[in-house]
Amino acid sequence: MSNLDFILENVHLRHDPRWSARGLCVACVLELMDREDVSVLRKSAALSGVLELLKIKGVVKDILQQDERVCLHFNSSLLKMLQSVEDPSVVEQVIQVLIHLLLDLKKEHFLQHVLDELQTQLIDRSTGKVLSYITFLGKLVDSVSSIAQMLTTTHISVLECMCVFLLNPDEVLKAAVYYVLRGVWASETALQSLPQTLRDRVCVLLLNTLAHVCSLQLTINCLGLLLLMLRGGDTVCLLMNQNQTPSNEEEEESQCTQLSVKHCSLPLILKRLLLGGDECVQVVSVQCVSAVLTHSPSQYCSAFTQADLPAFLFERLSCINEVLLWSVYSCLLQLCEDSTFFSQCHSIYGIESLVRSLKAVLKLPNLEVQKQGLKLLTAILERQPTGVRLFPTAPGFVGVAEVVQGGVASSCFRVSTQAARAATALFRVHHQCSPIHYVELKRTVEALTTRCAEVPSNITSQRRRWVSDPGSQSFRAAAFLIQALTSFQQACRLAEECVTETSVKENKPTAPDEQNEDTLESLCVCLLHCCDTAIIPTVTFSLSPSVLPAFATKLASSGFIRLALEHKARLCPGNRHSSLNAACCDFLLKLCVCLLSQPESFTPSHQQGVEEVEYVLRGCLPSLCCHACDWPLVLADVPAENQTLQFCLLHLLYLSLLHGDRLLPDATLFSSVVRFVCLMQEQHNSLPPSVQQSALYLLAATQENNPDLDWVSLNSISEALSSAALSSPHPSLLRFIFRYSALTERLGVRVLSGWLAGELEPAVSGEKEHNRLDLGQSQESSVVLELLEKNPSTVLTLLGVLCEEDRSVAGRAVQVLRCYLQAGRCSGSVHSHLLKPALLGLLQRLTCDSSDSSTVPDCVCVVLEVLCLVQKISSAQDDMDNTDFKLLYHVSNLVGKVKSSNAEYLQPALNYLYCCLNLCPAHTADRVVSMLLCNTGVMELLQVLLNLSHSSSHSPPSPSPPLVCSSLLLLSSLISLQHTHCAQVTIPLTHTHTHCAQITISHTHTPHS
């Protein structure tokens, strides 16, 4: 049809050209719509032309905006056509033109005009047909978001009319009305403005409609509105309570609306809809049940359970619609949270349907449906009361076990993990059929261990990534491993309970000569085999590295080394049970290497020791199949071919004893190790460092209840263990070494330095530095103080630590010594006979080769600090003897060699000189003063320090304030005692009066502590 058909020839000539565009005259179209003598076919063609123009953005808008009256008239004409036209296709055209026109104009007053016209037409129901208006309104609500808000505020009468139309028996009309209401309820903003009375009225009308609905379209529209209504808790409460006895006010309102709500129970309505054949209706019905239960399962579950809804949901599991299956699984998950679900035996009724459904679902590609179904199965197995068995006979249990096995074998770890949870619940005594089907239990355990073996081996290397990314494959694999461990543990508990459970019956063999594998014994063998081949080797050592050391320590302290060795000795001699032997060897090797690799200070030498032990264990463990009680005979064997095996035994004994597991009695172990070391020394065979460490620790840990070593054994041990690594973390090592002077001379300084450094105690190495320096709580310090109390000569070894290159270790040694001296734990003889002579010898050795300050060893300042400490404590108790004067002589000579800028050495040296000068007895003071005043180097240094502190120039830099203070105090004491004892001064000092005045002033202004 050409554009000429849209033009009225009689009147077109008087129309202004501005009303035309692209061959279409809008003015002619308007007059065409108003004339009754024009056919509907021609009007339809005109509307088609208008629609084509509306698709071109802005064309019709520009024409109509020239005069808004024309636009309003056009809208009114189209609305009138909705009532006058009978042809549904033309009605649809009119609706499309109206909606496109309103969307194109985008002005609120045009929308208000249309709603006003609709309100007038809907209120005046005498105009006849209203279906076209309601259909148009429903589509307008969908297209224009602001319409819903306008209906609930300025045009509430339209919605009241909708409620009246819902009393009409015409289901097509009611379907259109519910479509409008669905659009209103979809808008949260509009819903807030809707009056509560109108909202409640719509709820009652909706229930009444659903109770008597027949057509599919009306059902779908009603359920769409219902699903939106169920978002609000108040609305849910109203809908769920409609089947209760109404109050007087509710009865009056019900009579006004000509409705009876006595049989409008929402659970019964949804149950009836589930019986329908349309799966779309079933899906939405199930979603409505879930929406109700989401608000309060404890409040609403019983209503649905009393309506027997779970049974109908289980019946729907026979379908293959994945959306419906997922919805039903989710809804049943919510229903089984209520105890009535189990008390009314819905779980027993539906378990068979669930198992059949899961068998089919596991073949589908949709993993979410599989996971949800297994989640429902897990919930039922976990919550089923113990007094009521789900599987009284074997077929039911076999079916569930097959489903669990299929889920565990899934390629998706999320599905496997959920299936493993179901297996954990299935491994309960009250879920076992009678007699117990051990074959299926074995198959389930084997499925779990097989899936464990398929876990990627790079989980540990990706630990940091999957900790922060729960959605990663590694995270899901680790979650499965943890759940598999839980399931395996529950299977072991089930086997243990089956042994003591009197109601458990064994399956009898079908024939006398036929071996029955369906027994408890076969299940126990399967559990042991899986533990050895999969659980411990694969799962345990594939977990997070952060927990592996603690787990390995727990295994060792729980006797797992002994357990594995006993299994080997009992079951594997003569090449029997090679797979078990290999599994035990692999477990022992991994466990021992993990235990040896725990220290945080992982030095190259330590790494070499671990590799050395690993090499010995790897070579000897497969052939080690003798009981621990026979090991002393092996250690006493002379032939050299058993040497590596002997080393292996020592390493195993060391690691076991280190973690509290004594494989041999202490007396037997002590004598065996002593004999072994002596034999090796007699044969002039040197022990590897790792073997030395193991042997030394074994001797130290078992010495307490054994007699002391004789001279021959001690000499052999001292020679053999002189190069031991000494990385044992137990304090008994120090007690053993300092028990014997021969060992103390060889190993004392080295082991004490390492102990104070914290290298020998992994448990302490993780503490913070300020805790480690707390001598009252530090394990290192308390052990050393204990040694000093028992054997005061240990102080000489402690002084040897002062010469170590590590200044932090030397500093800890000084702290321990200070604590020892200040606590008054040592007598005066220790000062005079041990400490002072040792310090004198040490000072002589350190200073004899130094001619100037550049060659003074770094440890001299530490020795001087100890000297000050000893001098303070001993001067009040003892008189000065020849040793004291020798110390004073060497220190004063050292002061004369050191430059004035070297405060690190001068500070403790001047402090020591001051202590000697002020704390010495009166009858020796003149000798001390004379020694210092006659020492040219000391007097020159004091003069230099005085000059530098008195100088105002910055070159060279002034000495530090503590050093100036020490020099002034020493000078003040010298001046005072020089006058007292009339001592001669070989070198006069300048500025002494000024500095003495400074000392007096500083003393005056110094606040008292």
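Here are some notes:
- Translational diffusion coefficient (Stokes-Einstein; Kirkwood radius from C-alpha pairs) of the range 270-342 at 37 °C, 0.692 mPa s, in µm²/s: 274 µm²/s
- Taking only the alpha carbons of the range 668-727, we obtain Rg and Dmax values of 10.6, 30 Å in that order.
- Think of each Lys and Arg Cβ as +1 and each Asp and Glu Cβ as -1; about the Cα centre, that makes the dipole of the range 344-459 roughly 120 debye.
- The shape of the range 85-231 comes out oblate: with a ≥ b ≥ c from the C-alpha gyration tensor, a/c is at least 1.5 while a/b does not beat b/c.
- Whole-number accessible area per residue in Å² for the range 186-228, which is evaluated in the context of all protein chains at 1.4 Å: 40 Å²
- The GluC sites (Glu not before Pro) of the range 650-721 that meet both conditions, a loop assignment by DSSP and at most 16 other Cβ atoms within 10 Å of the site Cβ, are GLU704.
- For the range 281-435: rounded, prolate or oblate by the Cα gyration tensor [a/c cutoff 1.5]: oblate
- For the range 305-396: rounded, prolate or oblate by the Cα gyration tensor [a/c cutoff 1.5]: prolate
- Rounded FRET efficiency, nearest 0.05, which uses the C-beta distance separating GLN598 from ASN241 and R0 of 60 Å: 0.40
- Checking every one of the chymotrypsin sites (Phe, Trp or Tyr not before Pro) in the range 275-340 against DSSP loop status and a limit of 10 other Cβ atoms within 10 Å picks out no site at all.
The values are calculated or read from the model by the stated rules, or taken from the named source; none is laboratory data. No experiment lies behind these values; they were computed from the predicted model shown. Using ideal geometry, Cβ is built from the backbone for each residue, glycine included, and neighbour counts are taken over all protein chains shown. Surface areas here come from the heavy atoms of the whole protein model, side chains and all, with no ligands, DNA or RNA. Shrake-Rupley method; radii C 1.70, N 1.55, O 1.52, S 1.80 Å.
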